[in-house]
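Before any comments, here is the structure.
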Amino acid sequence: MPFQTSALDLKLLLLINQQWRFELLDFIMPILSSRLVLLSFLAVALVYAIRKGGKQQIVFFLILFVGMGLSDLSTNVIKKQVQRIRPLNELAGTYHTEHGPWQKRPANFVRTKENGTSFPSAHCANTMCLAVLAMLFWPALKKWPLLLPLLVGYSRLYLGKHYPTDVLGGWFFGLIIAGIVWLAWNRFGTHFRPEIKN
């Protein structure tokens, strides 16, 4: 049975992807969705954490990567079951880009794909998992890490990659995985646990 898109889901996607567009956002949004940019940011954060808290901080970053890896693998399992088609492969007028200039689906665009990988958003799941674990490992960060999944989620809509419910599903799933990882860390990670820096 095809994934049914609600009227509100579709309306919000069309507003963000087709109407609320600005030249500056056209430049920023692909950057926010870039895995390479995220990994580069984490590399810089790791160097900073080691300089400030010592090499034991590496353990925390390893757990972050484990959490994101589990989140990514799990969402891909769900994607294969749900098979929701991405907006850029389904809707006329959708703006999209793949490492190049922006393109727009023509008004007479007809969907050709029968299956897709839209629900849930792995980008949103991974960044939510990362943000939650970062807040737990480094309480001094307060709630600032949550900006990352929020911005990435918006970028996925802007890029025509996902519907709002895909983003919400990804955030929820990332939150669940982060909770599981945190519980496992507190149960089994006592022998490897460095001091948490506030």
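What is the chain's relative contact order, in percent, from Cα pairs under 8 angstrom and six or more apart in sequence? Contact order relative to length: 28 percent.
Put in order of Cβ neighbour count within 10 Å, fewest first, the listed residues L91, L42 become L42, L91. Amide H contacts of T94: R105, each under 5 Å away and 5 or more positions distant or on a separate chain (H built 1.01 Å from N in the peptide plane; Pro and chain starts excluded). Between K52 and I176, the distance separating the two model label sites (each 7 Å from Cα on the Cα→Cβ line) works out to 3.3 nm. Spatial offset of segment 92-157 relative to segment 19-81 amounts to 12 Å, using the alpha carbon center of each.
Backbone N atoms of segment 44-85 closer than 19 Å to the 7 Å Cα→Cβ label point of L151 belong to residues 44-49. Taking log10 I(q)/I(0) by the Debye sum over Cα atoms at q = 0.09, 0.10, 0.11, 0.17 Å⁻¹ as the quantity of interest, determine which of [x] -0.34, -0.43, -0.52, -1.25; [y] -0.38, -0.46, -0.55, -1.10; [z] -0.33, -0.40, -0.48, -1.04 was computed from the displayed structure. Recomputing log10 I(q)/I(0) by the Debye sum over Cα atoms at q = 0.09, 0.10, 0.11, 0.17 Å⁻¹ here picks out [y]. The lysines whose alpha-carbon is closer than 23 Å to the alpha-carbon of K80, local same-chain residues fewer than 8 away aside, are K113, K161. Along the axis of the charge dipole computed for the chain (Cβ charges of +1 for Lys and Arg, -1 for Asp and Glu, origin at the Cα centre), the listed residues Q18, A92, V59 are led at the positive end by V59.
With a ≥ b ≥ c taken as the square roots of the eigenvalues of the C-alpha gyration tensor of segment 1-77, please select rounded if a/c is under 1.5 and otherwise prolate if a/b is larger than b/c or oblate if it is not?
oblate
Taking 20 Å as the cut-off, the amide N atoms of segment 59-88 that come nearer than this to a point 7 Å along the Cα-to-beta-carbon line of N115 belong to 72-88.
Each reported figure results from applying straightforward, stated rules to the coordinates on display, with no laboratory input. None of the values given here were measured: they were computed from a predicted structure. Neighbour counts are summed over all protein chains in view; Cβ atoms, including those assigned to glycine, are modelled from backbone coordinates with ideal geometry.
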